[in-house]
Amino acid sequence: MKTGLMALPSRKRTHALISPVREVVSKTLRFFTACLANVVKHTPLASLKGGILFAIALCLIMLSSSATFSQISGERLFEVTASKHLFGASVDILAYHPEVQSCKLAFYHAFKEMERIERLLSSQLSTSEIARVNRNAGREPVKVSYETFALLKRAVRFAQRSEGAFDVSIGPISELWGFSSEREVVVPAADSIKALLWLVDYRKLRLNAKDTTVAFTAPGMRLDLGGAGAGYAVDRAVALLKAKGLKNFLINASGDIYAFGRKANQEKWRVGVQHPRNAEALLAKVALTDHAIATSGDYERCILVEGKRYHHIFDPLTGYPAEGSASVTVVAPTSEEADMWSTYVFIIGYLKFRQQKNHPHIKALVMASDGKVEYDAELRRDFELELLTQGSNGE
């Protein structure tokens, strides 16, 4: 999961519309409860069961939704929200929709889809296809679904493009450092890192398209899809919500964000980028519609040892946390792309990223370890970038 991003409230005072509606809902619920209590006194228990269950469901829907109105079309829309714990963090969905019940049903299916993806891809789940591939490393090929196979194929293609700077076989190093585990993180001995580094090599991953089998050539190799899996899950949820007819929504999977359509007042969705050295401040704001955004940073999962920062984004070539970047935010057409590119740019730095000319759909905002801020000029032009700290001009 990515971190450091948050959906921001609208600049216009839409909450002024929402508050009176909540007051009406509150009064309605109090009246409804009083009436229900009176009915309970005079109705046999058996006859009450269905009605009480319906009343409870109705109350829950009303309490978790609020009404607002589009300033353009005047269409009456409800603000509907829901959250679920997935991929080790909270996944939140917010939508503006004319029908609360159908919206919540769409949320339910989106969460179920993300659960399904987690069961396929999480290396932390012993029953996942990725975990089975890891257990059988160096032994025998493992049959996986076409979906998992296709994602691995895209990840390997990206690793080739990055010349190994992005590598899904980083698993042995990730496990050694332990940032994703419950144990205390300590800096491993240099010999321990060196002993595992040879296992990090995407070229030793064998993908057989004829039978969709996956195999590592050496025991001890491990896949870690932390730089792609969650983004793919968000993309699948987005596709499902679109298919269910939702036209305006935002998914936030602990920093992997996709914004579709617009808010109820026809504004774009505004997203804040956390400052990597001040948890109470924002580095920047951007406005999104029909795009994904993800941030890779050195400040959420990290330790400080004798003044040096060690974090969870590893350079596959050294086995140590990548140096040079403090925070990298990428805007891309899909969450999977934003996920992989933010990790990759964090490792190689903004200069090398800008020297590459084959990624016109990828836009980056980078704060280096020394505090220097650089960004693509298109972020200002197309995404209304508002930089809240001093930085260089976009290129």
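What follows is calculated from the coordinates using simple rules that are stated; it is not laboratory data. This structure is a prediction, so every number in the text was calculated from the model and none was measured. Glycine also receives a Cβ, built like all others from the backbone with ideal geometry; neighbour counts cover every protein chain displayed.
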- Item | Length added when fully stretched, ARG381-LEU317, from 0.36 nm per residue minus Cα-Cα | 19.5 nm
- Distance between modelled label sites at LYS204 and ALA189, nm, 7 Å Cα→Cβ extension: 2.1
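I need the GluC sites (Glu not before Pro) found in segment 142-243, filtered to DSSP loop residues with at most 15 other beta carbons within 10 Å of theirs. Please list the in-between numbers first.
Working: sites: GLU147, GLU163, GLU175, GLU182, GLU184; in loops: GLU163, GLU182, GLU184.
Hits after loop and neighbour filter: GLU163, GLU182, GLU184.
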- Note on the structure: Placing each pseudo-label 7 Å from Cα in the direction of the beta carbon, GLU115 and THR81 end up separated by a distance in nanometres of 2.3
- Task: Can you figure out the FRET efficiency of GLU99 with HIS361, using R₀ = 35 Å and their beta-carbon distance, to the nearest 0.05?
- Result: 0.55
- Task: State whether segment 221-343 is rounded, prolate or oblate according to the following rule on the C-alpha gyration tensor (a ≥ b ≥ c being the square roots of its eigenvalues): a/c under 1.5 gives rounded; otherwise a/b larger than b/c gives prolate, and the remaining case gives oblate.
- Result: oblate
- Note on the structure: Listed by chain and number, the aspartates and glutamates with an alpha carbon less than 16 angstrom from that of LYS352, same-chain partners under 8 positions apart left out, are GLU163, ASP315, GLU323, GLU374, ASP376, GLU395
- Query: Given a Förster radius of 35 Å and the C-beta distance between ASP211 and GLU182 as r, what FRET efficiency does 1/(1 + (r/R0)^6) yield to the nearest 0.05?
  - Reply: 0.45
- The residues ASP298, ASP370, sorted from fewest to most surrounding Cβ atoms within 10 Å, come out as ASP370, ASP298
- Mind listing which trypsin sites (Lys or Arg not before Pro) in segment 157-266 are in a DSSP loop and have 10 or fewer other Cβ atoms within 10 Å? ARG183, LYS210
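Sort ASP92, ASP167 so the one with the fewest other Cβ atoms within 10 Å of its own Cβ comes first.
Fewest to most other Cβ atoms nearby, the residues stand as ASP92, ASP167.
Using 0.36 nm per residue of separation minus the Cα-Cα distance, give me the extension gain between ALA281 and GLN160 in nm, one decimal.
39.9 nm
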- Message: Between segment 177-244 and segment 255-322, how far is it from one alpha carbon centroid to the other, in angstrom?
- Response: 20
- Query: When a footprinting reagent is the concern and you count Cβ atoms within 10 Å, what order do LEU176, LEU152 take, fewest first?
  - Reply: LEU176, LEU152
- Message: How far apart, in nanometres, would the label points at LEU125 and VAL305 be if each is projected 7 angstrom from Cα along the Cα-to-Cβ direction?
- Response: 3.3
